[in-house]
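Only the coordinates and a few stated rules stand behind these numbers; no lab work does. None of the values given here were measured: they were computed from a predicted structure. Every residue, glycine as well, gets a Cβ built from its backbone with ideal geometry; the counts of neighbours run over all protein chains shown.
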Amino acid sequence: MKTDKIFYTLFQVFPELLFQLIGKSPEMAQNYQFRSIEIKELAFRLDGVFLPDENTPDAPLYFVEVQFQRDEDFYWRFITEIFLYLKQYKPSRRCYGIVLWGSENLDVGFPETYRELLVEGAIESIYLDRIHPETPRSLGIGIIEFITAPPSMATEQVPSLIAQAKREINDSVLQEKATELIETIVVYKFPEKTREEIEAMFDLVQWKQTRFYQDVLREGEIKGEIKGEIKGEIKGEIKGEIKGEIKGKLKTVPLLLKLGLSPQQIAQELQLDLDVVNSYITGQNQ
């Protein structure tokens, strides 16, 4: 599952979620914008930055990173990116780093080198598999627990989450975004299932009325095995069948497009040739 993209969308829909996770008032989200920010001189991007508005000069700036795999260099990279941002933008307010770990056993441990350099608490770790029981059980928290839960629990969680979204969100646009986010996570959790199998599992025939269904799971999309040919000029002409790992990767292309990634970014994320990605997108649009 592309958890960084899922969480980027999650924070866009539920910006108050960060403040719930760090034990602060969800109302603080009203003073923030959640953005992805590019560090121009090195051409890399900070995936999640909560930027306070100018009317709250005492509000801190939060750098948020989601990590669902073990990476020995994670803290070195994350702290370096923060300092490069500070150098480029020179904010005149306090700054904190928040790391959302998929589970505690992924945390490689904070480097001793930085312990004396950084103020205690400047980098805070939240373990999503150990959310504090006193944390309010909001819809956003429920979606996080759904992301980290095993697929076997999905049949119980999905109907409950969708019902909660309809019950708690009055804004029709936000309600639709929340519902589509839940549906997207379902597809990520069951990459080998067809549209019909997913609908049967969750009794979600109403997906046929959603934009998610129309854009991502429409008739003619990959189901079961991918057979046939991807035609066109792909460094000459690529013919044959796409199977196994490539099949699974291509099934996520519509979802990544829906989340705002360009074909170039998708090719990089999936480690596929850009021509293959473009040819697949073209074939789906015909």
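Cβ-to-Cβ counts within 10 Å put R167, R70 in ascending order as R167, R70, the fewest first. Placing +1 on the Cβ of every Lys and Arg and -1 on the Cβ of every Asp and Glu, with no other charges, gives segment 1-128 a dipole of roughly 340 debye about its Cα centre. So, R0 is 30 Å and r is the distance between the beta-carbons of N55 and T80; what FRET efficiency does that work out to, to 0.05? Efficiency at R0 = 30 Å is approximately 0.45. Taking the Cβ-Cβ separation of I281 and T135 as r and a Förster radius of 51 Å, what is the calculated FRET efficiency to the nearest 0.05? Plugging the Cβ-Cβ distance into 1/(1 + (r/R0)^6) gives 0.80. The H on the amide N of E124, modeled in the peptide plane, is under 5 Å from the matching H of G97, I98, V99, each at least 5 residues off or on a different chain. The simple Förster model, with R0 at 35 Å and r as the Cβ-Cβ distance, assigns S125 and E192 a FRET efficiency of 0.60. Full extension of the segment from K166 to T113, taken as 0.36 nm per residue of separation minus the current Cα-Cα distance, would add 14.3 nm. Cross-link pairs exceeding 30 Å between alpha carbons, from the set K24/K87; K24/K251; K24/K258; K24/K166; K87/K251: K24/K251; K24/K258; K87/K251.
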